[in-house]
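*Asks:* The structure is given below, and queries will be raised subsequently.
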Amino acid sequence: MASFSIQTRTLANSELRFKASVVVKKNGSIIHREAKIFKKKELAISWGKNITQELQKFAVNKHKTCLIGDLLDKFMNDRFLWDNTGRTKQYVIKMLSDCGIANIQSNSLRTSDLIEHCKNRLAAGAKPQTIYHDIAYLRSIMKKSLMNRMKN
């Protein structure tokens, strides 16, 4: 179930900003969250309604799940995405597909799974900035996957 809320923020110079937050919940847990800040309340409400409708349509019609490794493979097999990806990101994506995190279902990925991945990488000798890249690139791929499903 998707819903949105509007929060009013006052800047230091007394100007108002409106933060629209969209949340999608399933079985009582949050499965998607995004927010955007606007200068006008009407724009925030409009954006919130549009995103909520898109996510509702997506959740009802096209909710699919797969292994994280399958998402990584789909990304690597998409020539347009893969060819426009830098060498470092390609290396990290290939490495992620060989890690334990690749065997987790996309709809059941939890923060504890990410923490466990980070601990394993740290124990293997990776530095914090390298582990940050792992998580950032994984997020990027999952986000692109979601957007592609919404478009189709």
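Any read-out appearing in this document is the output of simple, stated calculations on the displayed coordinates, not a laboratory observation. Everything numeric in this text was worked out from a predicted model, so none of it was measured. Backbone-built Cβ (ideal geometry, glycine too); neighbour counts: all protein chains shown.
*Asks:* Can you pull out the trypsin sites (Lys or Arg not before Pro) in region 67-152 that DSSP calls coil and that have at most 16 other Cβ atoms within 10 Å?
*Replies:* Working: sites: 74, 79, 87, 89, 94, 110, 119, 121, 139, 143, 144, 149, 151; in loops: 110.
In loop regions of region 67-152 (DSSP not H, G, I, E or B), the sparsely surrounded trypsin sites (Lys or Arg not before Pro) are 110.
*Asks:* So if I restrict to the alpha-carbon atoms in the chain, what is the Rg, and what is Dmax, the biggest pairwise distance, in Å?
*Replies:* Using the Cα atoms of the chain, the pair Rg, Dmax is 18.1, 51 Å.
*Asks:* Putting +1 on Lys and Arg Cβ atoms and -1 on Asp and Glu Cβ atoms, find which of 107, 136, 47 reaches farthest to the positive end of the dipole of the chain.
*Replies:* Selected residue: 47.
*Asks:* What FRET efficiency would be calculated for the residue pair residue 119, residue 78, taking the C-beta separation as r and a Förster radius of 30 Å, to the nearest 0.05?
*Replies:* On the way: r = 31 Å, r/R0 = 1.02.
Computed FRET efficiency for residue 119 and residue 78: 0.45.
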